[in-house]
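Worksheet: one structure, shown below.
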Amino acid sequence: MTKLRLAIVGAGPAGIYAADILLKAEKQFDVSIDLFEQLPAPYGLVRYGVAPDHPRIKGIITALRDVLDSGQIRLFGNVYYGRDITLDDLKKHYNAVIFSTGAIRDAPLDIPGIDLPTSYGAADFVSWYDGHPDFPREWPLQAREVAVIGNGNVALDVARILAKHADDLLVTEIPENVYAGLKASPVTDVHVFGRRGPAQVKFSPLELREMGELRDVDMIVYDEDFDYDEASKTAIATNKQVMVIDRVLNQWRERPVGEASRRLHLHFYASPVEFTGESFRYERTEPDGEGGVRGTGEFRDVPVQALYRAVGYFGSPLDGIPFDERRGVIPNREGQVIDDNDEPVHGVYATGWIKRGPVGLIGHTKSDAMETVRNVINDQANWWAPEFPEEEAIIGLLAERGVQFTNLDGWHNLDAHEISLGEPHARARIKVVDRDEMVRVSNQPE
Ligand SMILES: Cc1cc2nc3c(=O)[nH]c(=O)nc-3n(C[C@H](O)[C@H](O)[C@H](O)COP(=O)(O)OP(=O)(O)OC[C@H]3O[C@@H](n4cnc5c(N)ncnc54)[C@H](O)[C@@H]3O)c2cc1C
């Protein structure tokens, strides 16, 4: 029986689901999968994006872990595609590669002041509070009033972590430096701004509702934002999610405020104009009757000393692989990577956020992976013919290059170590943040 030696680059949910689906798929060949990940630990944005106070979502890691533990996948952590291994290497050792490298950068927002030192990208802040090893340990939290631009769940995550009292995060897995940073924050007011109205937000109802449960934080919404146009009324009447969002927001309109030491304001119909370092200027918008909004010419200033833009993530190009600079994705047809002339790049596939852009929940990466895997299976005639298909060969190559890679046993060691750090403090785990320390604990457990 022929064998598919498959490399998957990126051990986030997309890569792990792709491996799982391929292993379980009906096929006329054997499979051996090597999963390469630039971080010493797997799980991508589930570990380094999902907020620490969302343990239920973080719990998806258990299912992903079961896949890795199935014994049919080798994990090579701390291996960066483009530096530690190249496309040429993959062609010499595998029949095909699936890229599932996700997105970690902030999409740009072009307004004056966005480059000021106190203007931050949500992705960077998220990476800090989730303990990503490649980001600075210190985060400047000196502002009393903060603006968060965006009307999706990442904006809510950022606003919630900024507004929440650090002690209420202590039960989570946040690293020590993150707790210390948030504990010292003098923040009193977090303002979230969205261009459109309450019936057009991209919040999940559950995430929104959770904001109202924060201890000692008043939720503030403004009556002027609830003068709905016909399109909004229809959306509320016909879409269950929008209906719930509307209900939650309206409950907050009725709630007494004024007792809490911190406030979280939701501003709708507010289009970003400028950040000065001292204040945020927005233009009030109004519905345009076609489901969008238009500017009203009325400008308002809100005093804030820091600004976070949560306007989306953006993928990064990979060495030797076509890249769509405009969308931040690898161009592909149902997961089959294509070049500038729309021709298939044989042996190269993509899945997850790098395939279809940084939108959608973890569950969506599963259906995504199904489509990609189907194409890998059906494309057998076009797979590469590797010079060194033996499983040991790639280990030899990495060793020769002095790459300090981690493996699945190493991840188990690090996982156990983090859990043991949390135990004395009744915490789920305390994350190790330093990359060298992660590699050391993985490869030389005490
Ligand atoms: C802030 C935030 C909060 C979220 N919260 C939720 C939530 O509550 N619920 C939910 O369902 N979804 C949530 N999501 C969405 C979810 O995280 C994504 O749908 C999912 O992680 C996308 O999976 P992926 O595997 O495509 O990418 P990723 O999870 O980004 O994984 C990509 C992996 O590839 C690795 N990689 C990148 N480049 C290289 C390279 N050159 N070499 C080797 N490895 C590389 C990365 O290190 C990473 O581990 C959230 C997303 C964000 C940003």
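For beta carbons closer than 7 Å, sequence separation of 6+ or different chains, a first residue in segment 271-289 that is on the phi < 0 side of the Ramachandran plot and a second that is loosely packed, with under 15 Cβ neighbours inside 10 Å and of a type in the set (A, V, I, L, M), the qualifying pairs are F275/L116.
Can you tell me which of I377, I395 is over 22 Å from T86 (Cβ atoms) and either surrounded by 15 or more Cβ atoms within 10 Å (Cβ to Cβ) or at pLDDT 95 or above (or both)?
Details: I395 fails: over 22 Å from T86 (Cβ atoms).
Only one candidate qualifies: I377.
Across segment 213-256, the number of residues qualifying as free of Cβ contacts under 8 Å to residues at least 60 places away in the same chain and not in a helix (DSSP H, G or I) comes to 15. Evaluation of S127 against the conditions (1) among the hydroxyl-bearing types (S, T, Y); (2) near the ligand (Cβ under 10 Å from one of its atoms); (3) in contact with a strand residue (DSSP E or B) (Cβ under 8 Å, 6 or more places away or on another chain) shows that the sole unmet condition is (3). Restricting to segment 290-310, name every residue that is surrounded by fewer than 19 Cβ atoms within 10 Å (Cβ to Cβ) and β-branched (V, I, T). Answer for segment 290-310, where residues must be surrounded by fewer than 19 Cβ atoms within 10 Å (Cβ to Cβ) and β-branched (V, I, T): T296, V302. In a residue-by-residue description of segment 140-158, the property of being under 16 Å from the mean Cα position of the chain (by Cα), surrounded by 18 or more Cβ atoms within 10 Å (Cβ to Cβ), more than 28 Å from E259 (Cβ to Cβ) and of a type in the set (A, V, I, L, M) applies to at least one position. In segment 106-126, what residues are closer than 28 Å to S261 by Cβ and within 17 Å of the chain's Cα centre (by Cα)? Result: Y120, G121, A122, D124, F125, V126.
Considering every residue within segment 257-272, establish whether at least one is modelled with pLDDT under 95, open to solvent by less than 60 Å² (accessible area, probe 1.4 Å) and not in a loop (DSSP other than H, G, I, E, B). Checked against the condition, which is being modelled with pLDDT under 95, open to solvent by less than 60 Å² (accessible area, probe 1.4 Å) and not in a loop (DSSP other than H, G, I, E, B), segment 257-272 yields no hits at all.
In segment 274-308, of all residues being of a type in the set (A, V, I, L, M, F, W, C) and assigned to a strand (DSSP E or B), the one that is nearest to E145 (Cα to Cα) corresponds to A306. Can you confirm whether segment 84-92 contains a residue that is in a helix (DSSP H, G or I), touching an Asp or Glu at 6+ places or on another chain (Cβ under 8 Å), more than 24 Å from V433 (Cα to Cα) and of a type outside the set (A, V, I, L, M, F, W, C)? There is at least one residue in segment 84-92 that is in a helix (DSSP H, G or I), touching an Asp or Glu at 6+ places or on another chain (Cβ under 8 Å), more than 24 Å from V433 (Cα to Cα) and of a type outside the set (A, V, I, L, M, F, W, C). From the list Y222, Y129, the lone residue that is among the hydroxyl-bearing types (S, T, Y) and farther than 22 Å from Y313 by Cβ is Y222. Being open to solvent by 30 Å² or more (accessible area, probe 1.4 Å) and in contact (Cβ under 8 Å) with a residue 40 or more places away in the chain holds for only one residue in A184, A163, and it is A184.
Restricted to segment 1-56, and to residues that are assigned to a strand (DSSP E or B) and among the acidic types (D, E), which residue is nearest to Q444 (Cα to Cα)?
Looking only at segment 1-56, we keep the residues that are assigned to a strand (DSSP E or B), and these are 3-9, 30-36.
Okay, now just the ones that are also among the acidic types (D, E), so 30, 34.
On the way: D30: 33, D34: 22 Å.
Once the filter is applied, the top-ranked residue is D34.
Could you identify the single residue in G320, G315, G352 that is open to solvent by 50 Å² or more (accessible area, probe 1.4 Å), modelled with pLDDT of 95 or more and within 16 Å of the ligand (Cβ to nearest atom)? Steps first, answer last, please.
Details: G315 fails: open to solvent by 50 Å² or more (accessible area, probe 1.4 Å); G352 fails: open to solvent by 50 Å² or more (accessible area, probe 1.4 Å).
Criteria check complete, one pass: G320.
Here V304 meets each of (1) free of Cβ contacts under 8 Å to residues at least 40 places away in the same chain; (2) closer than 30 Å to S185 by Cα with one exception, condition (1). Residue count for segment 412-442 under the criterion of being open to solvent by 20 Å² or more (accessible area, probe 1.4 Å), modelled with pLDDT of 95 or more, part of a helix (DSSP H, G or I) and among the charged types (D, E, K, R): the result is 4.
Scanning segment 36-70 for residues that are polar (S, T, N, Q) and near the ligand (Cβ under 7 Å from one of its atoms) turns up just one, Q38. When the test is whether a residue is away from the ligand (no atom under 11 Å from the Cβ) and of a type in the set (F, W, Y), F99 does not pass it.
Could you check segment 125-142 and list, in sequence order, the residues that are farther than 19 Å from K58 by Cα, in contact (Cβ under 8 Å) with a residue 12 or more places away in the chain and not hydrophobic (A, V, I, L, M, F, W, C)? Reasoning before the result, please.
The first filter runs over segment 125-142 and keeps only residues farther than 19 Å from K58 by Cα, leaving 134-142.
After this cut, where a residue has to be in contact (Cβ under 8 Å) with a residue 12 or more places away in the chain as well, the list is 134, 137-142.
Correct list: D134, R137, E138, P140, Q142.
From the list E224, E173, exactly one residue is open to solvent by 10 Å² or more (accessible area, probe 1.4 Å) and closer than 30 Å to I430 by Cα. Which is it? Please lay out each step first, then the result.
On the way: E224 fails: closer than 30 Å to I430 by Cα.
Of the residues listed, the single one that is open to solvent by 10 Å² or more (accessible area, probe 1.4 Å) and closer than 30 Å to I430 by Cα is E173.
Taking first residues from segment 101-115 that are open to solvent by 70 Å² or more (accessible area, probe 1.4 Å) and partners that are assigned to a loop (DSSP other than H, G, I, E, B), the Cβ contacts under 7 Å between residues at least 6 apart in sequence or on separate chains come to R105/S316. Scanning segment 398-407 for residues that are open to solvent by 30 Å² or more (accessible area, probe 1.4 Å) and touching a residue at least 40 places away in the same chain (Cβ under 8 Å) yields R401, Q404, F405, N407. Restricting D89, D134, D106 to those that are within 27 Å of L169 (Cα to Cα), within 15 Å of the ligand (Cβ to nearest atom) and out of contact with any Phe, Trp or Tyr (no Cβ under 8 Å at 6 or more places or on another chain) reduces the list to D134.
The values are calculated or read from the model by the stated rules, or taken from the named source; none is laboratory data. Computed from a prediction, not measured in an experiment: that's the story for all the values here. With ideal geometry, Cβ positions are generated from the backbone for all residues, glycine too; neighbour counts draw on all protein chains shown. Remember, those area values only see protein heavy atoms, side chains included, never the ligands or the DNA or RNA. Shrake-Rupley method; radii C 1.70, N 1.55, O 1.52, S 1.80 Å.
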